[in-house]
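Asker: Structure provided below as structure tokens; questions to follow.
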Amino acid sequence: MLTVREVSFTYKGHGKGTHVSALKRVTFDITDSSFVILTGRTGSGKSTLLQLLCGLIEPDGGEIHCEDGDLFSKSSMIFQYPEDCFFNPTVMEELEFGLKTAGKNGTEKLKAITEVIGFDLEKFSSRTPFSLSGGEQRLLAIASMVVLDNAILLLDEPTSGLDDRAVQRVRNLLLSEYRLGKTIVVSTHWPAEFLDMATHVMNLRDGSLEYFVTVEDYVDSNLHNRQLEEKEKYLIDYYKRFKAFPENDEELIEFVRREKKC
């Protein structure tokens, strides 16, 4: 279990002696094998919270505990900007670094991960990660994180810049890791992308925790209406009706047409 108690974090401001409060006395628990969607406006503290949960930075106040180990050794994270994750000269070395770090010879696992996520390892293996497109870099960063095989996966905007097909592949990979018992926290501006596999939704507002609820409570209480665009609202309506998401846009469009006729 991840236990967060009264956690605060402050950055140095641009002016001399100034400070910016990123998180303010945040408290919550994440049980093992949970899938949590982390939402909030830009600047609400989402990225800071993920870095704290990963042990990359220390809180100014409060405590973060991991029940059976230290955060840094049990968790792995991809950043909002995937190029910040790369340290090796080629794509293959980047992926193999994760396997070596995990102390595993996981050639088959690596192959399976890259196939699920749709990353063409044969095509890109000898290229530098920095020569890839933004979407390709994001897929590489996700694959590099998953091969570490840590118990806690933290993802900051993992589907940003991806097309619908790539988004579905990321969903498939995260769902398979979740079914293996991993704890997953995904920061996103598009919570509807993960609601069908998530257990909880939490929202930060100006550095404070506004709510931490189950997916069922999130949907039933209409909290989603505060932050979703029209398409996402229809996705939620679809989910409320069928407890699943449409397989494609055409299925959603047909649902909307039927709803508007009623």
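The values are calculated or read from the model by the stated rules, or taken from the named source; none is laboratory data. Treat the numbers as computed from the prediction; the structure is a model and nothing was measured. Reconstructed Cβ throughout: ideal geometry from the backbone, glycine too, with neighbour counts over all protein chains shown.
Asker: Answer yes if at least one residue in the range 79-102 is out of contact with any helix residue (DSSP H, G or I) (no Cβ under 9 Å at 6 or more places or on another chain), closer than 30 Å to V219 by Cβ and free of Cβ contacts under 8 Å to residues at least 40 places away in the same chain, and no otherwise.
Answerer: no
Asker: Then there is this: When the residues of the range 1-47 are narrowed to those that are at pLDDT below 95, outside the structural domain of T214 (by TED's automatic domain parsing) and of a type in the set (K, R), which ends up surrounded by the most Cβ atoms within 10 Å (Cβ to Cβ)?
Answerer: It comes out as K12.
Asker: Ok, one more. Name, by its number, the condition in (1) in contact with a Lys or Arg (Cβ under 6 Å, 6 or more places away or on another chain); (2) free of Cβ contacts under 8 Å to residues at least 60 places away in the same chain that does not hold for G207.
Answerer: (2)
Asker: May I pose another question? Give the number of residues within the range 137-195 that are of a type in the set (G, A, S) and within 13 Å of F119 (Cα to Cα).
Answerer: 4
Asker: When you look at T90, is it at pLDDT 85 or above and not charged (D, E, K, R), yes or no?
Answerer: Working: at pLDDT 85 or above: yes; not charged (D, E, K, R): yes.
So T90 fits the description; yes.
Asker: Next question, about the same structure. Could you check the range 168-196 and list, in sequence order, the residues that are among the aliphatic types (A, V, I, L, M) and modelled with pLDDT of 90 or more? First the steps, then the outcome.
Answerer: Initially, the range 168-196 is screened for residues among the aliphatic types (A, V, I, L, M), giving 170, 173-175, 180, 184-186, 192, 195.
Within the range 168-196, V170, L173, L174, L175, L180, I184, V185, V186 meet the criteria.
Asker: Name the one entry in E122, E136 that is without any contact (Cβ under 8 Å) to a residue 12 or more places away in the chain and among the acidic types (D, E). Step through it out loud before you land on a result.
Answerer: Values: E136 fails: without any contact (Cβ under 8 Å) to a residue 12 or more places away in the chain.
Residue meeting the stated conditions: E122.
Asker: Please determine, by comparing only the residues of the range 3-43 that are on the phi < 0 side of the Ramachandran plot and of a type in the set (K, R), which one is farthest from the chain's Cα centre (by Cα).
Answerer: Looking at residues that are on the phi < 0 side of the Ramachandran plot and of a type in the set (K, R), I get K16.
Asker: Mind checking which helices (runs of 4 or more DSSP H) fall wholly inside the range 162-255 and carry at least 3 residues that are surrounded by 19 or more Cβ atoms within 10 Å (Cβ to Cβ) and aromatic (F, W, Y)?
Answerer: Numbers: elements: 164-179, 215-220, 230-242.
Ranges flagged: none.
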